[in-house]
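Throughout, read-outs are computed from the coordinates displayed, never taken from laboratory work. As the structure is a computational prediction, the values presented were derived from the model and not from experiment. Counting neighbours? That spans all protein chains shown, and the Cβs are built from the backbone with ideal geometry, glycine included.
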Amino acid sequence: MDYKGFRVIIPIKEMMINLGRSPSGQEYADLMLRQNKILGNMLGADIDFIVRGIDSKTRSVVASRKEAMLRKRQIFYLDTDAAGMYRVYEGRIVQARVIAVAEKVVRVEVFGVETSILARDLAWDWIGDAHERFSVGDEVLVRILSVRRNSLEDLGIKADIKSISENTDRDNLQKCRIQGKYAGRVTDVHKGVVYVRLSNGVNAVAHSCYDYRMPGKKDDVSFAVTRLDMERGVAVGIITRIIRQNL
């Protein structure tokens, strides 16, 4: 990485990417591939590091992300404030950095601890692809759901983003009427059930499709409402046709 005109080099073992014990043979090669894929997904992420050595002539720095993360863990998860409280605890809303984004998951770093947040925990309205909402380098607010603080090395958290915003699913249903037709985009297809996010923001489920083609993810479709499920906050209906396929 580059920092204020210096070339910063962080050895992989100092990046704190824990994938378990180091195997040998083919398993080691597979582990390296997985490790490099994780690092590739982190391109553009903001990270903390502690300088271990400087060469002024070549303007090069050797640094450790691991040391920086362990120091932040000590301050935010193990040390207590003047009132004897941990700084990060269950139920607290804190700022997190997005360090990787995949289709169905976002990985964030919260003061030295990384955790993955699944698509269903990112927003109340269904997300077909997390890339539509999140990018590496974003700063987001997350709610801490649980903390495991066994030791400095054995620390873990669970977090979500959607609980911070208000659930408007039931209010949104008022935008739909039975037998009404609406445009929407397919967010997922699972076991013959098609999940659609309508253009008016309503989550919708279709168990059948009148189009001869099978709808796929990110297809734009026309959706006819047959029932409003107030308890689950979703519109139930039929896909009347595929407007545009995502080929």
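Considering Leu31, Leu43, Leu39, the condition of being within 23 Å of Arg107 (Cβ to Cβ) and either outside any helix (DSSP H, G or I) or hydroxyl-bearing (Ser, Thr, Tyr) (or both) is satisfied by Leu43 alone.
Tell me, yes or no, whether the stretch 170-186 has at least one residue that is touching a strand residue (DSSP E or B) at 6+ places or on another chain (Cβ under 8 Å), closer than 21 Å to Glu14 by Cα and not acidic (Asp, Glu). No, there is no match, as no residue in the stretch 170-186 is touching a strand residue (DSSP E or B) at 6+ places or on another chain (Cβ under 8 Å), closer than 21 Å to Glu14 by Cα and not acidic (Asp, Glu).
Within the stretch 81-114, the residues that satisfy the criterion of being in contact with a Leu (Cβ under 8 Å, 6 or more places away or on another chain), of a type in the set (A, V, I, L, M) and surrounded by fewer than 21 Cβ atoms within 10 Å (Cβ to Cβ) are Ile93, Val94, Val105. For the stretch 52-80, the set of residues classified as of a type outside the set (D, E, K, R) and within 29 Å of the chain's Cα centre (by Cα) consists of Ala63, Ser64, Ala68, Met69, Leu70, Gln74, Ile75, Phe76, Tyr77, Leu78, Thr80, listed by residue number. Selection within the stretch 188-247: residues that are part of a loop (DSSP other than H, G, I, E, B) and hydrophobic (A, V, I, L, M, F, W, C). The member of this set that is surrounded by the most Cβ atoms within 10 Å (Cβ to Cβ) is Val202. If you go through the stretch 206-247 and pick out every residue that is over 26 Å from the mean Cα position of the chain (by Cα) and among the acidic types (Asp, Glu), you end up with 3. Filtered by the rule that a residue be surrounded by fewer than 14 Cβ atoms within 10 Å (Cβ to Cβ) and over 20 Å from Gln74 (Cβ atoms), the stretch 145-167 gives Ile164, Ser165, Glu166, Asn167.
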